[in-house]
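One structure is given here, and the rest of the page talks about it.
Every number in this text was worked out from the coordinates using simple rules, so none of it is lab data. This is a predicted model, so every value here is computed, not measured. Every residue, glycine among them, receives a Cβ derived from its backbone with ideal geometry; neighbour counts consider all protein chains shown.
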Amino acid sequence: MKDQTTGAAHAAPSLSHQYRAFVFKRIFWLCIFLTALIVSFVANVITGPAMLSFVDVVTGILDPETLSGAMKVIVFDVRLPFAVLAILIGATLGLAGAELQTVLNNPLASPSTLGIMHAATLGASVAIVFQLDQYGLPENYIVPVFAFAGALCAIFLIQMLAGFYGATIDTVVLFGIALVFALDALVSLIQFVADTDSLQQIVFWTMGSLARASWEKIAIVSVVFLCCVPFSIRHVWKMTALRGGEDYAKSYGVSVERLRMLVLLRVGVLTAVAVSFTGVIGFVGLVGPHIARLAFGEDHRYYIPGSILAGAFILSCASLASKSIVPGIMIPDGIVTALIGIPLFLALLISQKRRG
Amino acid sequence: MTKLDIRDLVIAHGKNTILSNITLADFEPGSVIGVLGPNGVGKSSFLRSLAGLAPYGGSITYDGDENRKLSHNQRARKVAYLPQTLPQATNLVAYEAVISACRAVRHDLTRDHVETLTERVFDRLNIRHIAFQPLSRMSGGQRQMVGLAQIIVREPDIMLLDEPTSALDLRWQLGVLDVVRTLVKDKQGLALIALHDINLAMRHCDSLILFGEGGVLSHGAPRHAMTPEMLSRAYHVSGRLETCSHGSPFVIVDGLNTIEGHR
């Protein structure tokens, strides 16, 4: 076969040379995404009811002494944590969604597919309805701690069942769906017995909000995120190989079921820590990876950072919109991401269809 | 060169035994072996067992090491398996698909070495023109070529190819089998290829394994393995073995089997 094209092969530039140009394009797009994220972050920090100019905010961040006491609180305790947490949670959900879509070989998979978000909701509902903050636990953390515990129970259950019946895609997805329905029923039951105040709190929690952002929460989410990223980097080749098909990956020596268990554990922890502090924020983990796939393809060396940046950008923009749509009122971020996410998702699907 | 030894192999789907008492050893280094038989006889299951992807009874050893005791990575360094299914239509471009297949197995290679191997494979298979095309926009035949490139780039001692030409036209079928043959000869390795086209197998394989009736019906040089009697027993058709003007054997099928005893 080679003989027929020897002349052409010599005339053409080497594939590795062409690949360098191809990679350069992907890195260029990563830089574009990063720039867009930085712009949205700055816009997020300078936007709010207190009329602070861009120069005031930037000067204040660089030299806090230039700000008055109240302004310092607004910038450092309200706006910065809010903007940073939006990026972190978006990045976390983007990473979780990207990895989940690969290991489940399903572009519709998202961190809510496995029931982890629903389990977190159940945990939060228990803490709210049974008023567990009365028992000496810190008030700000009792709901996140119970939400996290609920999510961890879901992860443990999925891992246990997948370990027992085999971590095939069908097994994991079916367990996830069963878990979603069961947990939904339990949350409904708790809502049924809850008093009006508790019911209101549960409903607000399920809407997802970054309003309670703080530096402690940012530190916790950052630590978990930074602990998970090296494992994602370690698995990039195996995950890329898996995109060719499960049998192909197995024939390359990838222990697919083991890889799937590890990734599910990682995705579970990332989702658990994200939703426990913010409540349910959907669509970021679904749409972020879709955008990354269109821009960077599915080589996970670019797809994973792309999904992280896309997820962070979406939630950063959503959080900006949440406080800008109705001046003086902060619409829960879960609602805004869904409202932005649905049309964006449909537009992506239609554009993919057109591209064939 | 990795030595393959198969003893008393039994392959079953649940309680249904599909192949049993298979003993095949002393494969000639540098040979291409055609795996033939009717639909559902167990050709794919046989190759999957050799690839460590399906359970089996009996023994399969590579250089004396039992297959089921090898780790995925140890096996992948010696044996490469091309599944019957085509690579998924993903957004990976062909070049990425091939380097990821190599990097997932060959952790010891440098980036430059992987790129050199990849370039060589694209040249060998004459698929440079699709190197930066996403798999999602390729035809079935092009995806099959990429799947084959993913196998060849790893330079395995043993290639297990499950119908590698099923989506290819005549020119590419011949080209692929020529490339596989050259690689196997150069490396003194082994290729086991499941095929449906008997004459393609007769022409390109050094020996044939013909499955039927729950086991191996015949094993040997094409002219000796594919006799009219074996054709009748395996496929339930009557046919003749002829020799073309170039001296190559080929099979002419006359029609469905009329020998009642073989139905």
Tail weight of P(r) past 12 Å, computed on alpha-carbon pairs of segment A:254-296, percent: 69
Give a quick list of GluC sites (Glu not before Pro) in segment B:191-263 that DSSP marks as loop, anything other than H, G, I, E or B, with at most 13 other Cβ atoms within 10 Å. B:Glu213
Pairwise over distinct Cα atoms, reciprocal of the mean inverse distance: report the Kirkwood radius of segment A:20-355 in Å, one decimal place. 20.6
Give me the mean projected area, in nm² to one decimal, of the convex hull enclosing the Cα positions of segment A:95-158. 4.8
DSSP beta bridges in the protein assembly as shown, what fraction antiparallel, as a percent rounded to 5? 60
If the cut-off is a Cα-Cα distance under 24 Å, which lysines reach A:Lys217, setting aside same-chain residues fewer than 8 apart in sequence? A:Lys72, A:Lys323
Binned at 5 Å from zero, the C-alpha pair distances of segment A:191-329 give percents of 2, 8, 13, 19, 18, 14, 10, 7, 5, 3, 1, 0
Per the rule of 0.36 nm per residue minus the C-alpha distance, extending B:Ser71 to B:His113 adds in nm 12.7 nm
According to a simple spin-label model (label point 7 Å from Cα along Cα-to-Cβ), what is the distance in nm between B:Asn39 and A:Leu294? 4.1
Can you tell me how segment A:67-197 classifies by the Cα gyration tensor, rounded, prolate or oblate, using a/c under 1.5 as the rounded cut? oblate
Summarise the long-distance tail of P(r) for the protein assembly as shown by giving the % of C-alpha pairs beyond 41 Å. 39
Bridge type composition, segment B:4-226 - antiparallel percent by DSSP, nearest 5: 50
Using the beta-carbon distance between B:Ala25 and A:Leu265 and R0 = 51 Å, what value does 1/(1 + (r/R0)^6) give for FRET efficiency, to the nearest 0.05? 0.75
Convert each backbone phi in segment A:305-310 into a coupling constant with the Karplus relation 6.51 cos²θ - 1.76 cosθ + 1.60 (shift: θ = phi - 60°), then list the ³J(HN,Hα) values in order as whole Hz, x for Gly and Pro. x, x, 5, 4, 5, 5
Please work out the FRET efficiency for the pair B:Ser59 and A:Val58, using the Cβ-Cβ distance as r and a Förster radius of 60 Å; give the result to the nearest 0.05. 0.25
Straight-line reach check, B:Lys69, cutoff 28 Å on alpha carbons, 8 or more apart in-chain or any other chain, hits among lysines -> A:Lys238, A:Lys250, B:Lys3, B:Lys15, B:Lys43, B:Lys78, B:Lys187
Calculated P(r) of segment B:4-226 - Cα pairs past 31 Å, %: 19
Using only the Cα atoms of segment B:1-89, build the gyration tensor, take square roots of its eigenvalues as a ≥ b ≥ c, and label the shape rounded, prolate or oblate: rounded if a/c is under 1.5, else prolate if a/b is larger than b/c, else oblate. rounded
Need one number: nm distance between label points at B:Glu242 and A:Arg234, each 7 Å from Cα along Cα→Cβ, rounded to one decimal. 6.3
At a threshold of 8 angstrom on Cα-Cα distance, excluding pairs fewer than six apart, so keeping six or more, what relative contact order does segment B:4-226 reach in percent? 30
Would you please give the FRET efficiency between A:Ala36 and B:Lys185, computed as 1/(1 + (r/R0)^6) with r the Cβ-Cβ distance and R0 = 60 Å, to the nearest 0.05? 0.65
